[in-house]
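Presented below is the structure to which this report refers.
Every number in this text was worked out from the coordinates using simple rules, so none of it is lab data. Remember, it's a predicted structure, so these values are computed and weren't measured experimentally. Glycine also receives a Cβ, built like all others from the backbone with ideal geometry; neighbour counts cover every protein chain displayed.
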Amino acid sequence: MIRDGRNGTFPEALDYDLVIVGAGPAGITMALELEATGLRIALLESGGEEYDDATQDLYDGRITGLDRTDLLTSRLRFLGGTSNHWGGHCLPLDPIDFERGPLNGMSGWPFPRTALEDAYRRAHTYCDLGDFDYDPATSVGTGPDDFLLTDSEAVDTAVVQQSAPTRFGPKYAAALRRSETIDLWLWTNVIDIEITADGEARSVDTRTLTGMPRRFAARQLVLACGGIETTRLMMVNNRRNGQSFGDAGGLLGRCFMDHVEGGAAFLWLDRPTPQKAYWRDDIAGPDGVTRSFVWRISEDVLRRDGLANAQFYLIPFADPAARAREREANRGWRGLKDMAKWVLGRSEYDFSFSDSYCQAVTHADAVALDALGLIDRSETATRLLLRYEAEQQPERGSYVGLTDDLDALGMPRSHLHWSPGAADRDSIIAAARLIGIEAGAADLGRLELEDHFDQPYWDANTAWHHLGSTRMAASPTSGVVDPDCRVHGTQNLFIASGSVMPSIGRANPTLTIVALSIRLADHLKALNAT
């Protein structure tokens, strides 16, 4: 059932079995996974079913460090959350991301990737993907000639699957509306969490922007309101109530990570190269789901050289001479077609015979070459831009904090200090150089590194992936949540968010966030079955 929190006819105090804060991909997935248990679930959403400026403003805050990111527009605050402008790129974390910890010695994932395998497969359904298949060889209509560096032991081709992209609000609103066990409360903002001294989370206090208060009590609470917003809510709650839950190691808000992205190098090809799979948009797997392809450094080399995980998109730049001949041929053909229309009495209103004649005569040689099939109209490339998306190492100096400015609900606004370091930069350079060595050995081309790596933050950009600031660890001094995503020091407060990720690999995080939510839902099923 969907309820409007601004409606004063509803009680101001309500009891549920489970409260989930946030109705984005994580919260919606968890609620639907738990629907069949019979638990009475309150799913609280700050916004409505459509975008609202006043609600969106609650995300605004301060940015320092590398300011290429954004707090106000990088996330959306209405039903479906940021899936409302998600790009839809999906892939799981790699096995190596779980097998080794961060390169700076901090703790990593407290379980292997096999612990997420089933959840990843189930997450495919929520994200409108097909088979859990990331093998380039299973792509339909491709062969070895569609890929590059196929004999390299250092550079692999990897698959990124493309969701529609799924908009979780529109897709799942009907299911939430007809649910008999899930109450979706719109326009309902959490401003406080009641947690006893011994760590029992009892209720959340909420308020609408119209001033309507309401308290939701539950036996279990889950914060699923996005990486930065979940962290802000935990920090505000601890400060306001003189508590330190999840902060035994001083890590609440620390180790914020995003995928650093930018141009690493140009690969100048030894010969014009016809279209390859990396820059096509019409390749799918056997299930029909569209795929794109990237280069990554092989896991053996990542281990050997101690490199961070990264992926490289290949952006083609065409042969200027071939493109010029193609444009000339197009102009000549257009002149001939316009004159033919004039002869048939079907000319356009602004037809000029002299202009069309001049176009046809001037470009007659290009038209002849094209008629003989001697102009290459394929996506021939003479150089490739290697655009990287790389993992950032977790560092305390990259963090989410609070400002003294208050939002419309009286909550301190977020302060994001994003600071990818020199080690992140050096790993990207080393990976690009390895690609250059492999390309040279294969007579593919030569590498030209971009020259901005000595600048502050080396002209990097953000992928708008808010991760790591409530990191997962077995020890309460090494993280904020335990391997079951329960906040350290509490009995029944959990987090479903990319912020629990202790390292982030190269993968776009939405699929992993949905899988982690499914895993947490399974844990809550087991707890409530006892």
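Here are the numbers:
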{"item": "Elements of type strands (runs of 3 or more DSSP E) in region 381-488, at least 1 residues being under 25 Å from residue 109 (Cβ atoms)", "result": "381-390, 399-406, 412-418"}
{"item": "Residue among 260, 222 that is in contact with a strand residue (DSSP E or B) (Cβ under 6 Å, 6 or more places away or on another chain), of a type outside the set (S, T, N, Q) and within 20 Å of residue 197 (Cα to Cα)", "result": "222"}
{"item": "Condition check for residue 239: more than 22 Å from residue 463 (Cα to Cα) and basic (Lys, Arg)", "result": "yes"}
{"item": "Matching residues, region 228-265, being surrounded by fewer than 21 Cβ atoms within 10 Å (Cβ to Cβ), in a loop (DSSP other than H, G, I, E, B) and in contact with a Ser or Thr (Cβ under 6 Å, 6 or more places away or on another chain)", "result": "248, 249"}
{"item": "Members of region 48-59 that are touching an Asp or Glu at 6+ places or on another chain (Cβ under 9 Å) and crowded, with 16+ Cβ neighbours inside 10 Å", "result": "48, 58, 59"}
{"item": "Where a residue in region 462-488 is in contact (Cβ under 8 Å) with a residue 60 or more places away in the chain and its partner, wherever it lies, is outside any loop (DSSP other than H, G, I, E, B) and of a type in the set (Phe, Trp, Tyr), with Cβ under 8 Å and at least six apart", "result": "462/418; 469/399; 481/494; 487/494"}
{"item": "Qualifying positions in region 145-156 - surrounded by fewer than 20 Cβ atoms within 10 Å (Cβ to Cβ) and either within 21 Å of residue 77 (Cβ to Cβ) or of a type outside the set (A, V, I, L, M) (or both)", "result": "145, 146, 147, 150, 151, 153, 156"}
